[in-house]
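Below: one structure, written as structure tokens.
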Amino acid sequence: MAKIIFYGLLVVFFVMQLFQPDRNTSSENFKTDLANHYKIPDTVENVLNTVCYDCHSNNTDYPWFINVQPVGWYMQSKVERGKKHLNFSEFGSLTKEQALKKLTLIDDVMKTNRMPLKAYKWYNNDANLTEKQRTAISHWALELRTIIQNDSLKALNPDTLITSSH
């Protein structure tokens, strides 16, 4: 009986592999991407790109085990949930009030160490942010929030052609 259960579970496992989740990948440089709208210090932008963008953008760099189900389904659900809360690829399309709330949220999750998720830190060593990195992101978010609150146009990134038509 144990053999039958084992082989039955093995068949279920292999059938599960046929149902892969959709991938959150795009090579497009979105006009609404955060970096195309706002000035970001290089140190902060590097952390955002290597850590935050995997779950909070329209382009995820997946590990090999995304192909193993049900792990892939779980990871994809976390990416979808992360994008729902904050999507850097679409940050430029937020209203002033929405942007202010998102920047406050970024500050809060950095100060309370709620991001990145522990499961993400398990397989991505870059996600183990130092206190210096957390502080830099927090300060940047609060500074950008203040600039946007006082003068939205002053916050725009003058180095991008995308924002020059605004």
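Structure notes:
- Which listed residue, of K31, K78, is more than 12 Å from the chain's Cα centre (by Cα) and either part of a loop (DSSP other than H, G, I, E, B) or surrounded by 13 or more Cβ atoms within 10 Å (Cβ to Cβ) (or both): K31
- Scanning the range 34-64 for residues being part of a helix (DSSP H, G or I), touching a residue at least 24 places away in the same chain (Cβ under 8 Å) and aromatic (F, W, Y) gives a total of 1.
- The range 18-52 - residue that is in contact with a helix residue (DSSP H, G or I) (Cβ under 8 Å, 6 or more places away or on another chain) and among the acidic types (D, E) and, of those, nearest to P70 (Cα to Cα): D22
- Which numbered condition V71 misses (of (1) in contact with a helix residue (DSSP H, G or I) (Cβ under 6 Å, 6 or more places away or on another chain); (2) in contact (Cβ under 8 Å) with a residue 24 or more places away in the chain): (2)
- Number of the exception - N49 against (1) closer than 18 Å to D126 by Cβ; (2) in contact with a Pro (Cβ under 8 Å, 6 or more places away or on another chain): (2)
- Just one of (1) out of contact with any Ser or Thr (no Cβ under 8 Å at 6 or more places or on another chain); (2) modelled with pLDDT of 90 or more fails for Y123. It is (2).
- The residue pairs whose first member lies in the range 130-153 and is closer than 18 Å to H37 by Cα and without any contact (Cβ under 8 Å) to a residue 24 or more places away in the chain, whose second member is among the hydrophobic types (A, V, I, L, M, F, W, C) and outside any loop (DSSP other than H, G, I, E, B), and whose beta carbons are closer than 7 Å, counting only pairs six or more residues apart or on different chains, are I147/A155.
- Any hit, the range 99-112, residues being touching a residue at least 60 places away in the same chain (Cβ under 8 Å), exposed (fewer than 12 other Cβ atoms within 10 Å of the Cβ), over 19 Å from I148 (Cα atoms) and out of contact with any Phe, Trp or Tyr (no Cβ under 7 Å at 6 or more places or on another chain): no
- Applying a threshold of 9 Å to beta carbon distances and a minimum spacing of six or more residues, or different chains, the list of pairs starting in the range 1-27 at a residue that is closer than 30 Å to S57 by Cβ and ending at one that is hydroxyl-bearing (S, T, Y) and assigned to a loop (DSSP other than H, G, I, E, B) reads R23/T60; R23/Y62; N24/S57; N24/T60; N24/Y62; T25/T60; T25/Y62; S26/S57.
- Counted residues, the range 17-58 - those being closer than 21 Å to M115 by Cα and of a type in the set (F, W, Y): 1
- Scope the range 131-146; condition closer than 16 Å to E45 by Cβ and either part of a loop (DSSP other than H, G, I, E, B) or in contact with an Asp or Glu (Cβ under 7 Å, 6 or more places away or on another chain) (or both); matching residues: S138, A141
- Unmet criterion (only one of (1) assigned to a helix (DSSP H, G or I); (2) hydroxyl-bearing (S, T, Y); (3) modelled with pLDDT under 95) for T104: (3)
The values are calculated or read from the model by the stated rules, or taken from the named source; none is laboratory data. Model, not experiment: these values are computed from the prediction. Glycine also receives a Cβ, built like all others from the backbone with ideal geometry; neighbour counts cover every protein chain displayed.
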